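Worksheet: one structure, shown below.
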Amino acid sequence: MMSSFLQVLLDGLLNGLVYALVAAGLSMIWGVMDVINFAHGEFLMVGMYVSYWIGFFLNVDPLYSWIAAGIFLFILGAVTYRLIIRNSLGKSAMAPLLATFGLSMVLKNFCMNRFTPNFRLLSGTILEGKTISVGGAILSVPQLVTALFALVVLGVLYWMLKKTRLGWAIQATAMDSEAAELMGIRTENIYLLVFGIGGACVGITGGLMTSYLAVYPEVGSLFSLIAFVVVALGGFGSIPGALLAALLIGLVESFSGFYVAAVVKYVAVFAVYIAVILVRPRGLFGW
Amino acid sequence: MNTKKISDSIWYLFLAGALALPFIPGGIGNTFHGHVLTMVLLYASMAQAWNIISGYCGQTSFGHAVFFGIGAYGAAMAVVQYNSLPWFGAPLGALAAAIVSVLISAPCFRLKGHYFAIATFAIVEIFNRLFMIWDTVGGALGLDYPILDDGWLNFSWSSEKNGYYLGALFLFVLIFGIVRWIESHRMGYYLRAVREGQETAESLGVNSTFVKLSAMALSAGLAGLCGAFFAQYNYRVDPPMVMSLDMSMKFVLITILGGLGTFWGPLLGAAVLIPLQEYTRAYLAHLGSGVDLIIFGLIIIFTMIRQPTGIMGLIRRFALRDEDPAAKDGDL
């Protein structure tokens with residue numbers, strides 16, 4: 001009884017950390033530009049495909065190929081900003097959201113068309129099937145590694161935002177882009193960079209996930225919904241808020257899945273989100 | 001001739017043409033373009049229903065698949081589980097959709113901007129998953145229609161599809177008629193006042209909560225009726241088919257492409273997107289799956305970048321080019 005409780009708790013926390021990493025990039029983009037990147041889940045899917053194909057053709061383990069996925073997605077994010085976001089910002093409140101929804105359709109169906117809808121899982125990865133036992137609970141090592149990565153990446157992101165000149169420039173742009181511009185900050189470049197970093201975060205996540213998850217064109221859909229909920233629950237561009245919200249979502253998912261029924265876990269996740277958001281309309285940490 | 005008269009004559013001409021079509025040989029019958037035209041009318045009606053709350057009243061809902069789905073299940077439950085007629089199920093489903101929409105919206109209207117949008121996504125997901133595990137409504141397998149006699153009584157036809165076309169045309173006239181009426185009456189001014197500035201509208205004595213909730217109920221009820229038609233037309237219903245984010249997005253994208261908050265926008269959007277989707281699916285199938293949706297996605301991106309006010313915005317720009325330049329500012 002006790003050990004199953006511990007197992008469910010740890011599973012929830014690990015999943016929550018992974019969700020936090022998926023949501024971090026989205027949260028940053030939302031916070032700085034007030035844009036919902038609807039293609040976020042598809043960015044994750046692209047990151048997974050990058051590391052899958054590198055593993056498949058070049059035999060490089062996801063433990064290393066996350067770097068390539070991160071770089072690829074940084075570029076994809078920056079290109080998305082240049083071609084789509086910059087041209088739809090400010091035209092109407094919904095234009096960037098719907099434009100990125102169009103992008104998500106293109107990316108998803110392009111992968112469907114090229115790579116077929118089949119599930120693809122890398123075999124023979126370094127971490128494959130490894131588990132460790134913590135006080136009677138069994139944890140999957142690849143998931144643990146991804147969760148630890150999440151902590152490191154979130155830490156670096158938080159440090160960068162709070163302690164570096166670049167981070168201050170990003171914060172200034174988020175607060176008032178016109179004033180930031182007058183202070184000599186090239187807000188255009190900040191936006192480009194924020195979109196790139198947002199892409200890189202989700203690319204790294206996707207790159208690592210291929211060591212324990214199968215990749216297929218629809219893989220991003222659920223993750224992107226959870227990421228939206230995490231960001232909205234955490235509140236407007238707050239990284240600690242996103243981390244806390246992600247852990248809460250991970251715990252709700254694993255506890256409701258284990259103690260109620262596996263089929264209701266996402267009902268519980270979204271219902272908890274709605275319940276919290278009605279009490280705090282701007283999320284847990286929102287202002 | 002003033003714009004009102006032009007608009008009126010376009011409306012009646014269009015209706016006369018649409019009504020005459022099934023009586024011309026090869027007009028609808030069992031042809032593929034008959035199917036496409038039926039779908040255009042259906043999706044135009046759905047988009048117009050969405051336009052009431054999101055276009056005229058400014059409350060962008062991404063949750064209309066829920067109301068559409070409840071209506072679809074209303075008709076399907078009556079036919080499949082109760083061996084009754086869709087004529088009883090459809091209005092009950094629409095009523096249920098309206099009630100559910102009010103229960104959901106009353107608390108959610110407090111949320112602003114993206115928070116409201118994401119809350120409506122979450123609600124679609126909740127309903128989708130609840131219907132997936134609810135055995136009474138068929139769970140994940142959905143409801144399959146039994147073989148029924150052709151005709152208006154069962155609202156089902158197996159070869160001659162004129163009946164479906166006329167049904168869709170009825171929905172179209174009903175929903176577009178309601179919106180035409182609203183546009184020129186007190187309710188329409190209230191809706192637009194709430195959209196343009198809720199606080200200002202309230203200061204002038206408009207009960208914005210009541211206006212928003214009644215617009216939502218009407219919009220959801222009409223979306224539910226469209227759902228009932230959709231179930232009849234497809235002869236089956238299951239949660240991913242009717243209660244998915246993709247379905248919700250269709251309401252949004254068609255209206256935005258045509259022109260948000262305009263009377264003709266939903267029809268124009270459907271008249272472009274639906275034939276495009278149906279014909280590319282039929283004729284580009286050799287290129288593999290998903291090509292139709294790639295094209296769909298590219299059009300959405302392009303519209304949002306170049307022409308966010310949609311086709312109506314384009315038409316207005318040309319129509320008003322020689323006229324009062326101040327009128328241009330009223331675009332969208």
Expected output for region A:257-277 (first residue within 7 Å of another protein chain (Cβ to nearest Cβ), partner outside any helix (DSSP H, G or I) and crowded, with 20+ Cβ neighbours inside 10 Å, Cβ below 9 Å, 6+ apart or cross-chain) is A:Ile277/A:Gly283
Taking the conditions exactly as written (closer than 26 Å to B:Trp181 by Cβ and without any contact (Cβ under 8 Å) to a residue 60 or more places away in the chain), does B:Leu213 satisfy them or not?
no
Given (1) more than 11 Å from chain A (Cβ to nearest Cβ); (2) part of a helix (DSSP H, G or I); (3) hydroxyl-bearing (Ser, Thr, Tyr), index of the condition B:Thr255 fails:
(1)
When you scan region B:160-177, do you find a residue that is at pLDDT below 85, of a type outside the set (A, V, I, L, M) and surrounded by fewer than 17 Cβ atoms within 10 Å (Cβ to Cβ), even just one?
yes
Using the structure shown, decide if A:Leu248 is touching a residue at least 24 places away in the same chain (Cβ under 8 Å), surrounded by fewer than 24 Cβ atoms within 10 Å (Cβ to Cβ) and within 10 Å of another protein chain (Cβ to nearest Cβ).
no
Could you please let me know if B:Ala193 is in a helix (DSSP H, G or I), within 14 Å of chain A (Cβ to nearest Cβ) and of a type in the set (Gly, Ala, Ser)?
no
Restricting attention to region A:186-207, does a residue exist that is assigned to a helix (DSSP H, G or I), of a type in the set (Asp, Glu) and within 17 Å of A:Leu13 (Cα to Cα)?
no
Being over 26 Å from A:Ala95 (Cα atoms) and either among the basic types (Lys, Arg) or modelled with pLDDT of 95 or more (or both) is the filter here, so list the residues in region B:231-264 that pass it.
B:Arg236
Restricting attention to region B:101-116, which residues are crowded, with 20+ Cβ neighbours inside 10 Å and touching a residue at least 12 places away in the same chain (Cβ under 8 Å)?
B:Ser101, B:Ile104, B:Ser105, B:Cys108, B:Phe116
Report, by residue number, each residue of region B:291-312 that is facing another protein chain (nearest Cβ under 7 Å), closer than 10 Å to B:Ile256 by Cβ and part of a helix (DSSP H, G or I).
B:Ile300, B:Met304
Collect the residues in region B:87-140 that are closer than 27 Å to A:Ser92 by Cβ and aromatic (Phe, Trp, Tyr), keeping them in residue-number order.
B:Phe109, B:Tyr115, B:Phe116, B:Phe121
Positions within region A:243-287 being under 15 Å from A:Ala20 (Cβ atoms), of a type in the set (Gly, Ala, Ser) and modelled with pLDDT under 85, in sequence order:
A:Gly283
Given the condition touching a residue at least 40 places away in the same chain (Cβ under 8 Å) and not in a helix (DSSP H, G or I), answer yes or no: does some residue in region B:226-236 qualify?
yes
Check region A:235-242 and report whether any residue there is part of a helix (DSSP H, G or I), under 30 Å from A:Ile170 (Cα atoms), away from chain B (no Cβ under 13 Å) and at pLDDT 90 or above.
no
Selection within region A:78-96 - crowded, with 18+ Cβ neighbours inside 10 Å and among the small types (Gly, Ala, Ser):
A:Ala78, A:Ser88, A:Ala95
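Residues checked against (1) modelled with pLDDT of 90 or more; (2) in a helix (DSSP H, G or I); (3) within 30 Å of B:Leu153 (Cβ to Cβ):
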{"site": "B:Val40", "(1), (2), (3)": "yes, yes, yes"}
{"site": "B:Tyr43", "(1), (2), (3)": "yes, yes, yes"}
{"site": "B:Ser84", "(1), (2), (3)": "no, no, yes"}
{"site": "B:Ala117", "(1), (2), (3)": "no, yes, no"}
{"site": "B:Asn128", "(1), (2), (3)": "yes, yes, no"}
In region B:237-258, how many residues are of a type outside the set (S, T, N, Q), out of contact with any Gly (no Cβ under 6 Å at 6 or more places or on another chain) and within 17 Å of B:Gly71 (Cβ to Cβ)?
6
Any residue at all in region B:45-52 that is of a type in the set (Ser, Thr, Tyr), touching a Leu at 6+ places or on another chain (Cβ under 7 Å) and buried (at least 18 other Cβ atoms within 10 Å of the Cβ)?
yes
Hits in region B:140-158 (condition: of a type outside the set (A, V, I, L, M), in a loop (DSSP other than H, G, I, E, B) and touching a residue at least 40 places away in the same chain (Cβ under 8 Å))
B:Gly142, B:Tyr145, B:Pro146, B:Asn154, B:Phe155
Residue under evaluation A:Ile75, criteria (1) surrounded by fewer than 23 Cβ atoms within 10 Å (Cβ to Cβ); (2) in contact (Cβ under 8 Å) with a residue 24 or more places away in the chain; (3) more than 17 Å from the chain's Cα centre (by Cα), criterion not met
(3)
Given the criterion at pLDDT 85 or above and in contact with a helix residue (DSSP H, G or I) (Cβ under 7 Å, 6 or more places away or on another chain), identify the matching residue among B:Val100, B:Val80.
B:Val100
Out of (1) among the charged types (D, E, K, R); (2) under 29 Å from A:Asp176 (Cα atoms); (3) within 14 Å of another protein chain (Cβ to nearest Cβ), the odd one out for A:Glu218 is which?
(2)
What are the residues in region A:88-101 that are touching a residue at least 12 places away in the same chain (Cβ under 8 Å) and within 9 Å of chain B (Cβ to nearest Cβ), if any?
A:Pro96, A:Leu97, A:Leu98, A:Ala99, A:Thr100, A:Phe101
Could you list, in sequence order, all residues of region A:107-126 that are within 12 Å of chain B (Cβ to nearest Cβ) and hydroxyl-bearing (Ser, Thr, Tyr)?
A:Thr116
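The values are calculated or read from the model by the stated rules, or taken from the named source; none is laboratory data. From a predicted model like this one, the values you see are computed outputs, not experimental measurements. Reconstructed Cβ throughout: ideal geometry from the backbone, glycine too, with neighbour counts over all protein chains shown.
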